[in-house]
1. Within the stretch 22-38, which residues are in a loop (DSSP other than H, G, I, E, B) and surrounded by 13 or more Cβ atoms within 10 Å (Cβ to Cβ)?
2. Have a look at 79, 87 and point out the one that is outside any loop (DSSP other than H, G, I, E, B), small (Gly, Ala, Ser) and either at pLDDT below 90 or open to solvent by 90 Å² or more (accessible area, probe 1.4 Å) (or both).
3. Look through the stretch 1-21, keep the residues that are assigned to a loop (DSSP other than H, G, I, E, B) and touching a strand residue (DSSP E or B) at 6+ places or on another chain (Cβ under 8 Å), and return whichever of them is nearest to residue 64 (Cα to Cα).
4. Is it the case that some residue within the stretch 27-35 is over 19 Å from the mean Cα position of the chain (by Cα) and not small (Gly, Ala, Ser)?
5. State all residues of the stretch 10-21 that are open to solvent by less than 40 Å² (accessible area, probe 1.4 Å) and within 16 Å of residue 53 (Cα to Cα); if no residue qualifies, say none.
6. Within the stretch 39-64, count every residue that is without any contact (Cβ under 8 Å) to a residue 24 or more places away in the chain and not in a helix (DSSP H, G or I).
Amino acid sequence: ALGINASSAGSYLSVHGIDADSPVYTWNQQNPGHEIVPNDQIVEVNGVRGDATSILDQMQRPQRLDIKVLPVKQPLPKSGDRVEDLSKLSTLSDVDVVVLAELPEGESYSNIKG
């Protein structure tokens, strides 16, 4: 097994996770910048595309696999969301206010002036 947890999304497979110590986990470790990660879309395997069931069938055959993956960015944080990983802020096209500290008890974002 490749170690990809995915589901059918009509014309492609939607990746939900990668199993530790699997061939894809090893690939990810050896190919930084080209990792297969959750939310990516597997759109083609060995020339088969357009149908998730057929793509999955190709992936389950004991053969060399030529897999084409469409990377999909993580969903953007919404206004007011707490962001633990500040690197996610770099994906935002427009940022008005970034609060890098906890607000005092009883305060909210709407109370910030300036």
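The values are calculated or read from the model by the stated rules, or taken from the named source; none is laboratory data. Just so you know, these numbers come straight off a predicted model, no measurement behind them. Glycine gets a Cβ as well: all are built from the backbone with ideal geometry, and neighbour counts include every protein chain shown. Heads up: the accessible areas ignore ligands, DNA and RNA and are worked out on the full protein's heavy atoms, side chains in. Shrake-Rupley method; radii C 1.70, N 1.55, O 1.52, S 1.80 Å.
1. 22, 35, 36, 37, 38, listed by residue number.
2. 87
3. Here the residue is 3.
4. no
5. 13, 14, 15
6. Result for the stretch 39-64: 9.
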